[in-house]
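The values are calculated or read from the model by the stated rules, or taken from the named source; none is laboratory data. Everything numeric here is computed off the predicted structure, so don't read it as measured data. For the accessible areas, the whole protein counts, side chains as well, though only heavy atoms, and no ligand, DNA or RNA atoms are used. Shrake-Rupley method; radii C 1.70, N 1.55, O 1.52, S 1.80 Å.
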Amino acid sequence: MPGSPDSSTKTMGALTVGGLVVVTAYTVALGSNGWLWFGWVVLGLITLGMVATRSA
């Protein structure tokens, strides 16, 4: 069905949100780490790319 995410896109979305929680908790507890934030941004962009290709 067009526009509805499949299981892999849902999984990537959950990993992206979970990654944001982990990176934020790490930043609060131990201080900022640029590589973690960079990794999360890359993961988010990949997830957005998957959503865009599924809805096209």
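Rounded to the nearest 500, what is the chain's calculated 222 nm mean residue ellipticity when only DSSP H runs of at least 4 contribute -39500 (n - 2.57) each, over all residues? It would help to have the intermediate numbers written out before the result.
Numbers: 2 runs with 46 residues, N = 56.
Helix contribution divided over all residues of the chain: -29000 deg cm²/dmol.
From largest to smallest, what semi-axes in whole angstrom does the chain give when each is the square root of 5 times an eigenvalue of its alpha carbon gyration tensor?
Details: eigenvalues 146, 23, 6 Å².
Equivalent ellipsoid of the chain: 27, 11, 6 Å, largest first.
Counting only heavy atoms of the protein chains, get the accessible area per residue of the chain (1.4 Å probe) and round it to a whole Å² value. Intermediate values should be presented prior to the final figure.
Working: 4030 Å² over 56 residues.
Result: 72 Å² of accessible area for each residue.
Build a GNM of the chain with springs between Cα atoms under 10 Å: which of VAL17, VAL42, VAL28 gets the top mean-square fluctuation?
VAL28
Would you mind calculating the gained length between VAL28 and LEU15 on full extension (0.36 nm times residue separation, minus the Cα-Cα distance), in nm to one decimal? Provide the component values of the computation, followed by the final result.
Values: separation 13, 0.36 × 13 = 4.68 nm, distance 1.97 nm.
Stretched fully, the VAL28-LEU15 segment lengthens by 2.7 nm.
Keeping all protein chains in position, work out how much accessible area MET12 exposes to a 1.4 Å probe, and write it in Å² to the nearest 10.
40
Report the Cα centroid-to-centroid distance between region 39-56 and region 10-24 in angstrom, as an integer.
Centre-to-centre distance over Cα atoms comes out at 12 Å.
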